[in-house]
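Report on the following structure.
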Protein chains: 2
Amino acid sequence: MFSYKERFKYFLKERNLKYTPERKEIIEAIVKLQKHFDAEDIYQQLRRQESNVSLATVYRTIPLLVDSELIIETLHCRDKVLYERIYNKKHHDHLVCINCGRIIEFYNEEVEKLQDEICRKYQFLATEHRLGIKGYCKGCQDKLNIKINSAKEKK
Amino acid sequence: MFSYKERFKYFLKERNLKYTPERKEIIEAIVKLQKHFDAEDIYQQLRRQESNVSLATVYRTIPLLVDSELIIETLHCRDKVLYERIYNKKHHDHLVCINCGRIIEFYNEEVEKLQDEICRKYQFLATEHRLGIKGYCKGCQDKLNIKINSAKEKK
DNA sequence: ATATAATTGAGAATGATAATCAATTACACC
DNA sequence: GGTGTAATTGATTATCATTCTCAATTATAT
């Protein structure tokens, strides 16, 4: 199993692209980031590790990271695109609290199987799938005093 | 069962908001739009029906339409937010072709049940859920000569 | 070492959406 | 049916994430 850096290097070579110090530093930043992050988070992490890679380069590098399957676009949150690392990670889906922003990850084998079934039915070749459930986490339900079965009343 | 217009009127009254000619025209436009649409599509439809409602008002009205559960935000496509009507419509999910943009709608009872189960497990109160599968539709698979099991090679 | 295509940073451009504000208007109350 | 007031509107400007431009630089194949 290759490291993120090795995998990226290989991907770049495969496409006759260059492995630059900037790309190396971005990979190093990505690996340090936890959970979900956006372009600005990567940029901030670069600052933290004394790197001067520009935000433009961060934006330019993101599609390469996505294509090389090191990260994936997961959610849109407040007009921002959020990514997460996927290399050597198990696929999962998300529960997103619309009140506090908390993200709960889950994996359900049955859901995966059903998706395969659905794709077969429509002769669809899936490259990616995403199940996102939005609502209120337990904490916020209590805080807001929302009762089960009345989510629709609450805004 | 109320019409879109009646439902919206009622919603506005409930909140002490006004039922203006502009809002009436927007509702009329929404009802005429097929499938998925964005703010600009609503604006164009308004032009078609001789209405001069401004784009600003369209943007301002969208959250009201969402809150009143007449439309729902379905997908992000090329930096645009797409909506669709949901009042008196059955819930469904989407298969989105990343080559031609075609959207296939489907409904799967099992998936719905599993989602309820997952929410129960995490004590999560769902207000909305979305299952989006991206990939290649049959037509594009043929056109691009993509073989099943090699989606990952293709970009 | 050289050639060349890829890459970079800085800043300008884009484009969807949101905010501002003065003028207008719906509607609850009399 | 008038009145008062808070909501609404159009026009315009602002915002802000993301993309583009371009001249200068650099990685790498030969």
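In a shell of Cβ-Cβ distance under 10 Å around B:C137, excluding B:C137 itself, what net charge do Lys and Arg (+1) and Asp and Glu (-1) give?
Neighbourhood net charge equals +2.
Which distances in nm, rounded to one decimal and ordered from shortest, link the label point of B:E50 to the equivalent label points in the other identical copies, with labels set 7 Å from Cα toward Cβ?
List, nearest first: 7.2 nm.
With unit charges on the beta carbon (Lys/Arg positive, Asp/Glu negative), name the residue among A:I104, B:T127, A:F11 whose Cα is farthest towards the positive pole of the charge dipole of the protein assembly as shown.
In the protein assembly as shown, that residue is A:F11.
Could you check the spin-label model distance between B:Q123 and B:V66? Points 7 Å from the Cα along Cα→Cβ, value in nm.
Inter-label distance under the simple model: 2.8 nm.
Using +1 at the C-beta of Lys and Arg and -1 at the C-beta of Asp and Glu, which of A:L82, A:S54, A:A39 has the Cα lying farthest in the positive direction of the dipole of region A:1-89?
A:S54
Quick one: how many Å² of A:R47 are accessible to a 1.4 Å probe, rounded to 10?
Near enough 80 Å² of accessible area.
Can you send over the solvent-accessible area of B:H92, 1.4 Å probe, protein chains only, in Å² to the nearest 10?
Accessible area, nearest 10 Å²: 40 Å².
To the nearest 20 Debye, how big is the dipole of chain B about its Cα centre, given +1 on the beta carbon of each Lys and Arg and -1 on that of each Asp and Glu?
Values: 30 positive and 24 negative charges, 66 e Å.
Roughly 320 debye for chain B.
In whole angstrom, note down how far apart the Cα centers of region A:11-53 and region B:51-83 are.
Taking the Cα centre of region B:51-83 as reference, the centre of region A:11-53 is 35 Å away.
About the Cα centre of region B:50-97, how large is the charge dipole given +1 on each Lys and Arg Cβ and -1 on each Asp and Glu Cβ? Please answer in debye to the nearest 20.
80 debye
How large is the charge dipole for the protein assembly as shown, taken about the Cα centre, if only the Cβ atoms of Lys, Arg (+1) and Asp, Glu (-1) carry charge, to the nearest 20 debye?
Values: 60 positive and 48 negative charges, 61 e Å.
The dipole magnitude comes to about 300 debye.
Among B:I26, B:I98, B:I62, which one shows the highest mean-square fluctuation when chain B is modelled as a Gaussian network with alpha-carbon springs under 10 Å?
B:I98
Counting only residues 5 or more places away or on other chains, whose amide H sits under 5 Å from the amide H of A:A126 once H atoms are built in the peptide plane?
Here B:Y136 satisfy the definition.
What does the copy distance list look like for A:L144, label position 7 Å along Cα→Cβ, in nm and ordered from shortest?
So the distances to the same position in the other copies read 3.8 nm.
Please list, in order along region A:21-30, the HN-Hα scalar couplings obtained from phi with the Karplus expression 6.51 cos²θ - 1.76 cosθ + 1.60 (θ = phi - 60°), rounded to whole Hz, x for Gly and Pro.
Those phi angles translate into x, 4, 5, 5, 5, 5, 4, 5, 5, 3 Hz.
Determine how many Å³ per residue the convex hull of the Cα atoms of the protein assembly as shown encloses. The partial results should precede the final answer.
Numbers: hull volume 54.6 nm³, N = 310.
With only Cα atoms used, the protein assembly as shown gives 176 Å³ per residue.
On a 0 to 90 degree scale, rounded to 10, what angle separates helix A:39-48 from the longest Cα axis of chain A?
60 degrees
What's the longest bit of chain B with no exposed GluC sites (Glu not before Pro), using DSSP loop states and at most 16 other Cβ atoms within 10 Å as the test?
Values: sites that count: B:E50, B:E69, B:E153.
Counting at most 16 other Cβ atoms within 10 Å as exposed, the longest clean stretch of chain B is B:70-152.
Exceeding 30 Å between C-alpha atoms, which entries from my cross-link table qualify? They are A:K134/B:K5; A:K90/A:K143; A:K9/A:K113.
A:K90/A:K143; A:K9/A:K113
Under 13 Å from the Cβ of A:C119, count the other residues' Cβ atoms, weight Lys and Arg +1, Asp and Glu -1, and hand me the total.
Working: positive: A:K113, A:R120, A:K121, B:K134, B:K138; negative: A:E112, A:D116, A:E117, A:E128, B:D93.
Once positives and negatives cancel, what remains is 0.
Rounded, prolate or oblate for region B:1-123? Axes are the square roots of the Cα gyration tensor eigenvalues, ordered a ≥ b ≥ c, and the cut-off for rounded is a/c under 1.5. Present the calculation step by step, with values, prior to reporting the outcome.
Values: a/c = 2.27, a/b = 1.40, b/c = 1.63.
Taking the square roots of the gyration eigenvalues as a ≥ b ≥ c, region B:1-123 is oblate.
The values are calculated or read from the model by the stated rules, or taken from the named source; none is laboratory data. From a predicted model like this one, the values you see are computed outputs, not experimental measurements. Positions of Cβ are backbone-derived with ideal geometry, glycine not excepted, and every protein chain shown enters the neighbour counts. These area figures cover heavy atoms from the full protein model, side chains too; ligands, DNA and RNA do not enter into them. Shrake-Rupley method; radii C 1.70, N 1.55, O 1.52, S 1.80 Å.
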